[in-house]
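Only one structure is covered here, and it is reproduced in the block below.
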């Protein structure tokens, strides 16, 4: 794939060539987040060719020309963290700046970043698909916004799932940037039909922490009965002789 989303035909075309096939991806005029999400997911499905997860190298800008302004590619940089490798114009408009190289959490308010990290980690670890509903409250010069965000796992050139194709589409006027969002709800779906999804939780897994247990070689202490007398308690103590000192004596 090209390293620049702008190196393709402008949005609005009705068909997209994927390899030797022609796939219909028509979008109506105006932004409809549901239609953008459906377009991106259909394109990702077309790249699989019987595989669980397609390769990053399979993605071509011309294949998503009708949703190109809303598309992005992420690179996993740490557990629960990823940065934008590529991003369409809509994301630039939302932030009021170039977002390439920025962490994806920069589009979210601090209160939603923990949950975003949990969801994002399951996309790479599952691997699985994540569909997010977003909201940005109204403020001075900033009308209220609602949108959808989609994460679709990809394999890197090394064969590990550390890339993701996605989109962010909002409805309404953007107003003054930067716009940041609250994560209203999220849905995760396994890439294999019928598989059990990996539910987001702290650390990327919805599993209870392992309870602490003392090492097996430690000797358990016996509780001292409250009825014992002071003499009986003193009898439990043992005198340990100290080794003689070999320090030289002063003359």
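The values are calculated or read from the model by the stated rules, or taken from the named source; none is laboratory data. Keep in mind that what you see is a predicted model, and the values were worked out from it rather than measured. Neighbour counts are summed over all protein chains in view; Cβ atoms, including those assigned to glycine, are modelled from backbone coordinates with ideal geometry.
Key figures
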quantity	calculated
Qualifying position, being out of contact with any strand residue (DSSP E or B) (no Cβ under 9 Å at 6 or more places or on another chain) and either farther than 25 Å from residue 142 by Cβ or at pLDDT below 95 (or both), among 29, 81, 67	29
Qualifying residue in the range 168-190 (condition: outside any loop (DSSP other than H, G, I, E, B), at pLDDT below 80 and surrounded by 12 or more Cβ atoms within 10 Å (Cβ to Cβ))	no
Yes/no for residue 152 being touching a helix residue (DSSP H, G or I) at 6+ places or on another chain (Cβ under 8 Å), surrounded by 22 or more Cβ atoms within 10 Å (Cβ to Cβ) and assigned to a strand (DSSP E or B)	yes
Residue within the range 118-128 that is modelled with pLDDT of 95 or more, assigned to a strand (DSSP E or B) and either crowded, with 24+ Cβ neighbours inside 10 Å or touching a helix residue (DSSP H, G or I) at 6+ places or on another chain (Cβ under 8 Å) (or both) present	yes
Any hit, the range 89-107, residues being touching a residue at least 12 places away in the same chain (Cβ under 8 Å), over 21 Å from residue 32 (Cβ atoms) and part of a strand (DSSP E or B)	yes
Any hit, the range 96-104, residues being surrounded by 15 or more Cβ atoms within 10 Å (Cβ to Cβ) and under 25 Å from residue 45 (Cβ atoms)	yes
Among (1) crowded, with 16+ Cβ neighbours inside 10 Å; (2) in contact with a helix residue (DSSP H, G or I) (Cβ under 9 Å, 6 or more places away or on another chain), the one test that residue 56 misses	(2)
Neighbours by Cβ (under 8 Å, 6+ apart or cross-chain): first from the range 216-243, surrounded by 10 or more Cβ atoms within 10 Å (Cβ to Cβ); second modelled with pLDDT of 70 or more and outside any helix (DSSP H, G or I)	224/236
